[in-house]
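Following: one structure in structure tokens, then a few remarks.
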């Protein structure tokens, strides 16, 4: 059974209360349930994490990279939050591990402030999803499953 890592960056622990007009009313626990159901549909194991600390996200990408090297990783869905626009460390972690990455954003970042338009991660992501709300997580896992089936 292959594993999917779903990693969430800073402030995503506030889902459901933080700017619900932008991010919706679903909580991070709701997102985890959605991801668990999507993984179950495809026969994947789920590793679901959130941290407000960049180094923790880097460590989880490294862990995913070890599974990738063993052929046991379906991919990583990463909602890096604000680190998307600032973190060369996350970029280097993805590049260094070679994991299949889906960059995910709940909102359409291109319809928001201009500083959100730049991503350090997009260039190393196999796909970038934004604007589907929390439903984008399930879509991202479905995409990983499609790639696994085609491999």
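Looking at the range 115-132 only, could you name the residues that are part of a loop (DSSP other than H, G, I, E, B), at pLDDT below 95 and surrounded by fewer than 17 Cβ atoms within 10 Å (Cβ to Cβ)?
Of everything in the range 115-132, those that are part of a loop (DSSP other than H, G, I, E, B), at pLDDT below 95 and surrounded by fewer than 17 Cβ atoms within 10 Å (Cβ to Cβ) turn out to be 118, 131, 132.
Against the definition (in contact (Cβ under 8 Å) with a residue 24 or more places away in the chain, out of contact with any strand residue (DSSP E or B) (no Cβ under 8 Å at 6 or more places or on another chain) and in a helix (DSSP H, G or I)), how does residue 29 come out, yes or no?
no
Could you identify the single residue in 89, 140 that is outside any strand (DSSP E or B) and in contact with a helix residue (DSSP H, G or I) (Cβ under 6 Å, 6 or more places away or on another chain)? Reasoning before the result, please.
Values: 140 fails: in contact with a helix residue (DSSP H, G or I) (Cβ under 6 Å, 6 or more places away or on another chain).
None of the other options fit; the residue is 89.
Of all residues in the range 34-72, which are over 16 Å from residue 96 (Cβ atoms), more than 15 Å from the chain's Cα centre (by Cα) and assigned to a helix (DSSP H, G or I)?
Answer for the range 34-72, where residues must be over 16 Å from residue 96 (Cβ atoms), more than 15 Å from the chain's Cα centre (by Cα) and assigned to a helix (DSSP H, G or I): 37, 40, 41, 42.
Got a sec? Which of 43, 55 is in contact (Cβ under 8 Å) with a residue 40 or more places away in the chain, surrounded by fewer than 14 Cβ atoms within 10 Å (Cβ to Cβ) and either out of contact with any helix residue (DSSP H, G or I) (no Cβ under 6 Å at 6 or more places or on another chain) or closer than 20 Å to residue 31 by Cβ (or both)?
43
Inspect the range 10-26 for any residue being modelled with pLDDT of 95 or more and either farther than 21 Å from residue 86 by Cβ or in a loop (DSSP other than H, G, I, E, B) (or both) and give the result as yes or no.
Checking the range 10-26: at least one residue is modelled with pLDDT of 95 or more and either farther than 21 Å from residue 86 by Cβ or in a loop (DSSP other than H, G, I, E, B) (or both).
The values are calculated or read from the model by the stated rules, or taken from the named source; none is laboratory data. Computed from a prediction, not measured in an experiment: that's the story for all the values here. Reconstructed Cβ throughout: ideal geometry from the backbone, glycine too, with neighbour counts over all protein chains shown.
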